[in-house]
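**Q** Once you've had a glance at the structure underneath, I'll fire off some questions.
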């Protein structure tokens, strides 16, 4: 029986790469990102209109690490719909997803003034683990003990992969941080190498996978390849989870940096195309509904209501009335019109003190890729 794969000491950054294999993929991947960024440029308030895609990325990145929460459950939980019916384990999953979103927001705020650095990453890591499973595993601090990756409860000898030793970690992380800001032959290859190195170092006791995937849109944003830190790559990694882990491991086991980079470029191109398609569909939906709702409601608050629903595609009527910034009578009238015109649908009818729960189904279908 062979032992675990161990960290590739002395092999980072890679000294050689098979550029002849990589170059045919670099061009299409870069072009796909540029087209996606062009779509981002056309979207007013992308943080609002693409809010469901942000949630979906958080769900899928967390699912790679073993959570089971769905996007619908997360949105229902936020709307306080059927929250009490969920088992505690599923609620814990949802809190991890919500923390992912909060951590991304914090990173974006910090990176307006700071470069992508260990300082930022440590603070984002604390936010990621705040009040959830892993909060007792030194949030924001580099690990001082060994860790390993394998089946739950396995020993280090039974592990699939053993990251760098704790005593060598500080120097290795510093080297990784310098690499982030070094000049490189190609930015996407630099990102691919930075991602796999972060996962191989596994610098924290928990949350490394999610944090490493967060770094992808943040790096693309700081390098000005995209105008917002909104790039959703976890769907490809989750759909190809076995190959994702195998390619990560093969870097340390076989020195196969090129194989990992090829996989990463395919992921980037595929998801850039998917991101562009979904962003375009969401933009088209917004463009279609904007004049329609204004005409239906004859209200100065029509567009305000539409924007609010894009940010809250599952919501309680009481939340809409309280937080949409629309006078109560007008808010109730708008909801009634939108329901009658099938712009929104009832998930649960209100009665007595119980609020009606609505779903903005057209938006959810686009985000979830459903017919």
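The values are calculated or read from the model by the stated rules, or taken from the named source; none is laboratory data. All figures in this text were calculated on a predicted structure; none of them were measured in a lab. Cβ: placed from backbone, ideal geometry, glycine included. Neighbour counts: every protein chain shown.
**Q** So which residues in region 251-266 are in contact with a helix residue (DSSP H, G or I) (Cβ under 9 Å, 6 or more places away or on another chain) and either assigned to a loop (DSSP other than H, G, I, E, B) or more than 18 Å from residue 19 (Cα to Cα) (or both), if there are any at all?
**A** 252, 256
**Q** Something else about it: Exactly one condition in (1) in contact with a helix residue (DSSP H, G or I) (Cβ under 6 Å, 6 or more places away or on another chain); (2) at pLDDT 95 or above is not met by residue 83; state its number.
**A** Going through the list (1) in contact with a helix residue (DSSP H, G or I) (Cβ under 6 Å, 6 or more places away or on another chain); (2) at pLDDT 95 or above, residue 83 breaks only (2).
**Q** For residues that are part of a helix (DSSP H, G or I) and free of Cβ contacts under 8 Å to residues at least 60 places away in the same chain, scanning just region 356-367, find the one that is nearest to the chain's Cα centre (by Cα).
**A** 365
**Q** Still on this model: Of the residues in region 147-170, how many are closer than 12 Å to residue 7 by Cα and part of a loop (DSSP other than H, G, I, E, B)?
**A** 6
**Q** What tally of residues in region 296-342 results from selecting those that are crowded, with 16+ Cβ neighbours inside 10 Å, in contact with a helix residue (DSSP H, G or I) (Cβ under 8 Å, 6 or more places away or on another chain) and not in a helix (DSSP H, G or I)?
**A** Adding up the residues that qualify gives 8.
**Q** Filter region 249-270 for residues that are under 15 Å from residue 24 (Cβ atoms), within 24 Å of the chain's Cα centre (by Cα) and buried (at least 18 other Cβ atoms within 10 Å of the Cβ) and give the result.
**A** Hits for region 249-270 are 261, 262, 263, 264, 265, 268, 269.
**Q** Which condition number does residue 68 fail, the rest of (1) under 27 Å from residue 245 (Cα atoms); (2) within 12 Å of the chain's Cα centre (by Cα) being met?
**A** Going through (1) under 27 Å from residue 245 (Cα atoms); (2) within 12 Å of the chain's Cα centre (by Cα) one by one, residue 68 breaks only (2).
**Q** Restricting attention to region 219-236, which residues are surrounded by 23 or more Cβ atoms within 10 Å (Cβ to Cβ) and in a helix (DSSP H, G or I)?
**A** 220, 234
**Q** Considering (1) modelled with pLDDT of 95 or more; (2) surrounded by fewer than 19 Cβ atoms within 10 Å (Cβ to Cβ); (3) outside any helix (DSSP H, G or I), say which one residue 370 fails and leave the rest.
**A** Residue 370 satisfies every listed condition except (1).
**Q** Does residue 239 fit the bill of being surrounded by fewer than 20 Cβ atoms within 10 Å (Cβ to Cβ) and either under 16 Å from the mean Cα position of the chain (by Cα) or free of Cβ contacts under 8 Å to residues at least 60 places away in the same chain (or both)?
**A** Yes: the conditions hold for residue 239.
**Q** Could you tell me which of the residues 69, 42 is surrounded by fewer than 20 Cβ atoms within 10 Å (Cβ to Cβ) and within 26 Å of residue 277 (Cβ to Cβ)?
**A** Sole residue among the options that is surrounded by fewer than 20 Cβ atoms within 10 Å (Cβ to Cβ) and within 26 Å of residue 277 (Cβ to Cβ): 42.
**Q** Which ranges mark the helices (runs of 4 or more DSSP H) fully within region 1-92 that have 2 or more residues being in contact with a strand residue (DSSP E or B) (Cβ under 7 Å, 6 or more places away or on another chain) and either in the same structural domain as residue 239 (by TED's automatic domain parsing) or touching a residue at least 60 places away in the same chain (Cβ under 8 Å) (or both)?
**A** The qualifying helices (runs of 4 or more DSSP H) are 71-78.
**Q** Considering only residues that are farther than 23 Å from residue 292 by Cα and outside any strand (DSSP E or B), which ones fall in region 343-355?
**A** Listed by number, the residues that qualify are 349, 350, 352, 353, 355.
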